[in-house]
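Contents: one structure, followed by commentary.
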C-alpha cells in the first residue's frame, strides 16, 4: 500500500448524497415500532420526527461552521481533539469506530436481512454477512468505484422512497391505526419520560447529518461544500422521514406496530397486498444497502486519520494504488461482523444512539466555546441565528441523554466507562500530548492556523 495524501474526489452532489445515505437507514425503517410501544399516540410520534429534523438541522449547521474552519477528515475525533484535548478526541475515535459506524453498519445489515427474509427463504444473518462482505470489497478495492456505487444507489433510494410515499398516501387509511387527533393524551405523551427515550431513537435515525465531516479532507473546496452538503442533505432527509412515518402510522394498526422492527415490510403488505407488498419489502431492504455503503465509505476515514496520528499504527492509514483505505476498511469489517453475531438489536440501538448523541453534544458545545476562545479565527461559514441554533441542539439532546441515563443506567454506564478506558489507552499509546491549543494558536497568525486542511489534532 502507498501512503500519501489523498486527492479531493467528492463534489457537492456526492457529499450531499453521502449525508442522505448515512441518515436514511435502520432508524427510520426499524425504530417506529419501539417508539409506538411506549408512546402510542400518532401526533406525538410525528412530533418526534419533526423535532428530530429541527435538532438535526441545528446540529448540521453547527458542524458546518466547525468543519469550514477546521477542514480535516475524522469527524468528532478531529474536532474534539482540536477544540478540547487530544484525549477526548481519542475517546471520540473509539466511539466513532465502534458504535458510531461499526454498530450502525451492523444494524443496517441486520435490518436488511430481516426485511429480505420476509421474501427470500434465507437466514437473515447470512444475508447481513453477505451484504457486508460485498460492500466492503467494493470500497476496499477502489475509492472512485466506491464513490460511483454510492452515488448511484443513493439516488435510487431517494427516488424509491418518493414513489412509495406517493402511492401509499393515495390509498385510504387502514383500520385500527392510531388516531391523528390532538387531545389531552397527546400532551401527556409529549411530557412523559418514554417520549425522551423515543427521541433518542429518532435522533439516532437522523444520525448521519454530520457524515460529510468525516471525509472533509477528501471533499473539493470543503469550506464551502461541506456546509452545503450537511444542510441540503439534512433538509431532504427531514422531508422524507416525516412522509415515511406518516405512511407507516396510517397503514399499520397499533397491535402490529408496537415492538415491530420490520415496520416497512408490514406497511407494504397492508397497503399493497401479499405479492406487491413482498416486492416493496424487498425493495425497501435494498435501500439499506446504500446506508451500509455510505458508512463503509465514511467510517474507515476515522480509522485512517487515527492511524496517521498514532505512532506504530501508520499501517492503518495505508492506501492502495486505487486510493482506497483498505486496511481501515477491513478493520471496520471485523468489528461489524462481531456486532452482527451478537444479535442484540435493541441494546445496540440504545447504546449507539446514546454515545453518538453524547459526542455530537460535545462538538456543538465546542462551537460555543470556540466562538469565545478564538473569536477572530477564520470561519468561511457561520451558524445562522447564533447562539439560538446550537442552544436548541444542546438543550434537546441534553434532555434525551438524561432521559436515557435515568431509564437505562445499567446499560449506559458500563458502555461509557469501557469507551472512556479504550480512549485513554489510545491516548497513552500516543505518548505525551499537548493540551488543546491556546486561543492565540487558533487565530490566523498562530502556529495551528485553522485554515490548513491537514492540521493535526491538538
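A few remarks follow.
For (1) in contact with a strand residue (DSSP E or B) (Cβ under 7 Å, 6 or more places away or on another chain); (2) at pLDDT 85 or above; (3) more than 18 Å from residue 30 (Cβ to Cβ), each residue gets a yes or a no:
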| position | (1), (2), (3) |
| --- | --- |
| 207 | no, no, no |
| 214 | no, no, yes |
| 233 | no, yes, yes |
| 242 | no, yes, no |
| 248 | no, yes, no |
| 256 | no, no, no |
| 269 | no, no, no |
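- Among the conditions (1) outside any helix (DSSP H, G or I); (2) surrounded by fewer than 24 Cβ atoms within 10 Å (Cβ to Cβ); (3) at pLDDT below 80; (4) touching a helix residue (DSSP H, G or I) at 6+ places or on another chain (Cβ under 7 Å), the only one that residue 7 does not satisfy is (4).
- Condition check for residue 208: part of a loop (DSSP other than H, G, I, E, B) and under 22 Å from the mean Cα position of the chain (by Cα): yes
- The helices (runs of 4 or more DSSP H) found entirely in the range 104-201 that carry 3 or more residues being modelled with pLDDT under 80 and on the phi < 0 side of the Ramachandran plot are 124-141, 143-169.
Every residue, every condition in (1) part of a helix (DSSP H, G or I); (2) in contact with a helix residue (DSSP H, G or I) (Cβ under 7 Å, 6 or more places away or on another chain); (3) surrounded by fewer than 20 Cβ atoms within 10 Å (Cβ to Cβ); (4) free of Cβ contacts under 8 Å to residues at least 40 places away in the same chain, yes or no:
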{"position": "204", "(1), (2), (3), (4)": "yes, yes, no, no"}
{"position": "224", "(1), (2), (3), (4)": "yes, no, yes, no"}
{"position": "228", "(1), (2), (3), (4)": "yes, yes, yes, no"}
{"position": "236", "(1), (2), (3), (4)": "yes, yes, yes, no"}
{"position": "243", "(1), (2), (3), (4)": "yes, yes, yes, no"}
{"position": "247", "(1), (2), (3), (4)": "yes, yes, no, no"}
{"position": "261", "(1), (2), (3), (4)": "no, yes, no, no"}
{"position": "282", "(1), (2), (3), (4)": "yes, yes, yes, no"}
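- Matching residues, the range 74-92, being part of a loop (DSSP other than H, G, I, E, B) and surrounded by fewer than 24 Cβ atoms within 10 Å (Cβ to Cβ): 84
- Meets criteria (assigned to a helix (DSSP H, G or I), in contact (Cβ under 8 Å) with a residue 40 or more places away in the chain and more than 21 Å from the chain's Cα centre (by Cα)) for residue 65: no
- Just one of the numbered conditions (1) farther than 30 Å from residue 376 by Cα; (2) assigned to a helix (DSSP H, G or I); (3) out of contact with any strand residue (DSSP E or B) (no Cβ under 8 Å at 6 or more places or on another chain) is not true of residue 40: (2).
- Pair list, Cβ < 6 Å and 6+ apart or interchain, from the range 388-403 residues that are touching a residue at least 24 places away in the same chain (Cβ under 8 Å) to residues that are surrounded by 19 or more Cβ atoms within 10 Å (Cβ to Cβ) and not in a helix (DSSP H, G or I): 389/383
- Single match in 69, 53 (criterion: out of contact with any helix residue (DSSP H, G or I) (no Cβ under 7 Å at 6 or more places or on another chain) and surrounded by fewer than 24 Cβ atoms within 10 Å (Cβ to Cβ)): 69
Conditions (1) under 18 Å from the mean Cα position of the chain (by Cα); (2) modelled with pLDDT of 90 or more; (3) in a loop (DSSP other than H, G, I, E, B), marked per residue:
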position	(1), (2), (3)
328	no, no, no
333	yes, no, no
350	yes, no, no
381	no, no, yes
389	no, yes, no
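- Of note, residue 393 does not satisfy the criterion of being touching a helix residue (DSSP H, G or I) at 6+ places or on another chain (Cβ under 8 Å) and outside any helix (DSSP H, G or I).
The values are calculated or read from the model by the stated rules, or taken from the named source; none is laboratory data. All figures in this text were calculated on a predicted structure; none of them were measured in a lab. When we count neighbours, we look across all protein chains shown, and the Cβ atoms used for this are built from the backbone with ideal geometry, even at glycine.
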